[in-house]
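Working notes, beginning with the structure itself.
The values are calculated or read from the model by the stated rules, or taken from the named source; none is laboratory data. Fair warning: this is a prediction, and the values are worked out from it, not measured in the lab. Please note: Cβ atoms are built from the backbone with ideal geometry, for glycine as well, and neighbour counts cover all protein chains shown.
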Amino acid sequence: MASVIIRLIICVYAVCWASTGKTAAAQQLPLIRDSEIEHIIRTWADPLFEAAGLNPRAVSIRLVNSRSLNAFVSGGQNVFLHSGLLIASDSPAQVAGVIAHEIGHIAGGHLVRTDEAMRNAQNVTLMHTLLGLGVLAVGGFTGAPNTSKAAGALIAGGSTAGLRHFLAHTRAQERSADQFGLTLLERKRISARGLLSFLYKFEDQELLSAARQDPYLRTHPLTRDRLAFIKSHIELSEWSNTPSHSLDLEMHARMRAKLVGFLEDSYRVYQIYPKEDQSLSARYARSIAYHRALDLDAAINEVDALIVENPDDPYFRELKGQMLFENGRLMDARPHYRAATELLPDDPLLMLELARLDIEIEMPELLEKSIKALERVVRIEEDNNVAWRLLSIGYGREGRMADSALASGEQALLEGRPKDALLHANRALGIVPEGSPSWLRAQDIYDLATRQDSVADR
C-alpha cells in the first residue's frame, strides 16, 4: 500500500497476530504519523516506560487509523493505540492508564506466553477457538465482510471447555497487567481513576455479540473482579484525587481536536466544535476542517490567528505550510515548513515534510538539502518507508541510480513487497563494484527479501 501524506502521515505496518511455529498471520495496519500527537503521547508514556525499567527509545508507539476503541502490544516492545480510542478518551489520565496497562503486558511477557499456549495446544478444539478469535481481531481492523461469520464458525467448531480455558488464561494476564499498570501509575503519582473510567466505557458491551463489541473488549476481557481490584486500589492510593496538570489537559484537547479535524467528516467537526466555541482546540479543529473542505481563505484566517497568538508553536506553522502546499502554493509554503523545523530542529517528521516539499519544488539548489535531511531522517527512523521513497526519488534526480535502487529496496522491504525488493537489489548489484559497502547492502536486501518472500509463500 502506498503511503499517503496529509498533515497526518498515513503508512502501513505488518503485525503478526498469531504465530504457530513456522507460520504467522500478518495484517497490514494503516498507521498515523504525526509529530505533535506522537510528542504528546510520548510525554505521558516515556515516564511510565522508565518506571517499568524499560528504555523509552526501545519501545515503539504506533497510532492506528481506526475508529474502533483498542490498544494492544505486538512484536515485542510495540504499543499500538487506535485513533478511535484517543478521540473517545476524556482525559490524559485515561490515556496514561491504558498505556500503563499495555506496559504490564510487555513486562509480563504475555505475548510470549500466549504463543506458548497456542503451540502447546493438544487438540483441535482449542485451535479452532484461537483461530476464531484471531479472525475477529483482524476483522476489527480491516472491516472485512463476513468476518464475524467466519469467526463464529471456527469457534463453534470447538467446545465450550476450550473457550473457557483460553479466556481463563487471558483473564489472568489482564489481572497481571492491571497490577503492574497500577504500580506504574502509583510510582508516577497518576490517579488510576482514568483507567477505571476508561474501562467503564466497555461495561455495557459485554452484553453485545462479539461482532458488535469494540476490539478492546475482545482482546482485554473485562470482569467484575478487574473493576473491583482497580476500585480497591483507588480507595487506598494517596494519588487517586490528583488532578491532571493543566498542560496535560491542553495537550489532550489539542490531540483530540487534531484527530477529529483530520479524520472526521466536516459536519461532525462543526458539531463537536461549533463556531461559538472559541477555545484554542476548537479553532484548531475548525481550521483543519476548513482546509479539508477546500475553504482555503477560512482555513488560513483561522490558523493565522493561532500563529499570531502562539508565534513559537511549530505545529501551527506546519499546518499553514500544509494548507499552502496542498493548494499548489509550494514556494509560499516553504517559509512555514522552515519555521517549524527551526523551532524543532531534531524532529524527523518535520524534516521529512520540508524535504518532501523541496523535492516537489524541483529546484537543483534544494535537492541536495532535501537528500541530506532525508538521510538524517532514516538514521533516526530506519523503518520510515516514506523517507526511503523520497530518498529514492532524490537520488534518482542526482543520477545516483544504485543509491536510488537501494532506497527503493529498503522501502519495499518495509512495506512487505519482497519481490519488488529483489528487483531493486538486483538493479543495485548490477551497478556497484563487488565487495563495496553498497554491494554488501544490496546483498543484505536481497537475502532479507528472499526470506520474506519464502515466509509469504508458506
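Some observations on this one:
- Flag if residue 438 is closer than 25 Å to residue 362 by Cβ and part of a helix (DSSP H, G or I): no
- Of the residues in the range 388-407, at least one is touching a helix residue (DSSP H, G or I) at 6+ places or on another chain (Cβ under 7 Å) and not in a helix (DSSP H, G or I).
- Of the helices (runs of 4 or more DSSP H) lying entirely inside the range 272-356, those containing at least 1 residues that are within 30 Å of residue 379 (Cβ to Cβ) and in contact with a Leu (Cβ under 6 Å, 6 or more places away or on another chain) are 314-325, 330-343.
- Listed by first and then second residue, the pairs linking a residue in the range 73-98 that is closer than 23 Å to residue 189 by Cα to a residue that is crowded, with 24+ Cβ neighbours inside 10 Å and among the β-branched types (Val, Ile, Thr), with Cβ atoms under 6 Å apart and 6 or more places separating them unless they lie on different chains, are 89/95; 96/190.
- Selection within the range 345-373 - surrounded by 18 or more Cβ atoms within 10 Å (Cβ to Cβ), hydrophobic (A, V, I, L, M, F, W, C) and more than 18 Å from residue 400 (Cα to Cα): 349, 350, 351, 352, 354, 357
- Condition met for residue 382 (closer than 28 Å to residue 455 by Cβ and part of a loop (DSSP other than H, G, I, E, B)): yes
- Check on residue 164, charged (D, E, K, R), at pLDDT below 80 and farther than 16 Å from residue 44 by Cα: yes
- One residue from 234, 307 being at pLDDT 95 or above and either more than 20 Å from residue 91 (Cα to Cα) or not assigned by TED's automatic domain parsing to the domain that holds residue 200 (or both): 307
- Test: residue in the range 418-432 that is part of a helix (DSSP H, G or I) and among the β-branched types (Val, Ile, Thr): no
- Boolean, residue 36 is more than 21 Å from residue 253 (Cβ to Cβ) and either outside the structural domain of residue 187 (by TED's automatic domain parsing) or modelled with pLDDT of 95 or more (or both): no
- Scanning the range 241-254 turns up no residue that is closer than 30 Å to residue 179 by Cα, without any contact (Cβ under 8 Å) to a residue 12 or more places away in the chain, out of contact with any Leu (no Cβ under 6 Å at 6 or more places or on another chain) and of a type in the set (Asp, Glu).
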